[in-house]
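Read through the structure below, which is laid out as structure tokens, and then see the notes.
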Amino acid sequence: MKYSAALAFLLSVSALQTGLYAANDDVKVRCVYSGTDGNCVEPSLASSQQLVITVYGQGVAPSVTASPAQAYALAKRAALADGYRQIAERIKGVHVEGQDSVKNMMLQRSSVRTSVDAMVRGANVMDTTFKDGLCEVELEIVISYSQLSK
């Protein structure tokens, strides 16, 4: 499984390097992705362009805290972690492992594990909202062609 994820990443980088993805020069390409709706059209990226990825991380305040300020801080930290995870998933992809146990032609147990391994640098917090115990953070990262081809 690790090799197939690495191969997919290398193929996407080689496609970028050979110019299979073409677009107008000096234009920022936007990809808005939200973990709740999952809609994102894969943009094309030329060597002179930058890709702007915007995600919305969400975090819920715990019900038992010492103060409202602590609840806000914990919800914001959870929202940031969710946003960073979404950025990492968009850039590096998600490793998925699945396992099913079947006995007498009936499904006994099914499990799916997902993981992502990436370093996120340069993400900017664009907006933070807190309402009814839910904190939502808008994160944006700008990626250049040279960063993807490393």
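None of the figures in this text is laboratory data; all of them are computed from the coordinates on show. What you are looking at is a predicted structure, and each value in this text was computed from that prediction instead of being measured. Cβ placement follows ideal geometry from the backbone for every residue including glycine, while neighbour counts extend to all protein chains displayed.
Within 10 Å, count the other beta carbons around each residue, average over each peptide in 68-79, 113-124, and list them highest first.
Numbers: 68-79: 16.5, 113-124: 11.2.
Taking the mean over residues of other Cβ atoms within 10 Å, the ranking is 68-79, 113-124.
PRE reach from residue 113 (point 7 Å along Cα→Cβ): which of the stretch 61-87 fall under 17 Å by backbone N?
none
So how do 106, 126 line up by other beta-carbon neighbours within 10 Å, fewest first?
Working: 106 7, 126 11.
Exposure proxy ranking, most exposed first: 106, 126.
Assuming 0.36 nm per residue, please report the length gained on full extension of the stretch residue 104 to residue 134 beyond their Cα-Cα distance. Provide the component values of the computation, followed by the final result.
On the way: separation 30, 0.36 × 30 = 10.80 nm, distance 4.49 nm.
My answer for the length gained is 6.3 nm.
For residue 96 and residue 50, calculate 0.36 nm times their separation in residues minus their Cα-Cα distance, and state this gained length in nm to one decimal.
On the way: separation 46, 0.36 × 46 = 16.56 nm, distance 2.83 nm.
Roughly 13.7 nm would be gained on extension.
Through the Karplus equation 6.51 cos²θ - 1.76 cosθ + 1.60, θ set to phi - 60°, convert the phi angles of the stretch 84-94 into ³J(HN,Hα) values in whole Hz; use x for Gly and Pro.
4, 5, 5, 4, 4, 5, 5, 7, 9, x, 10
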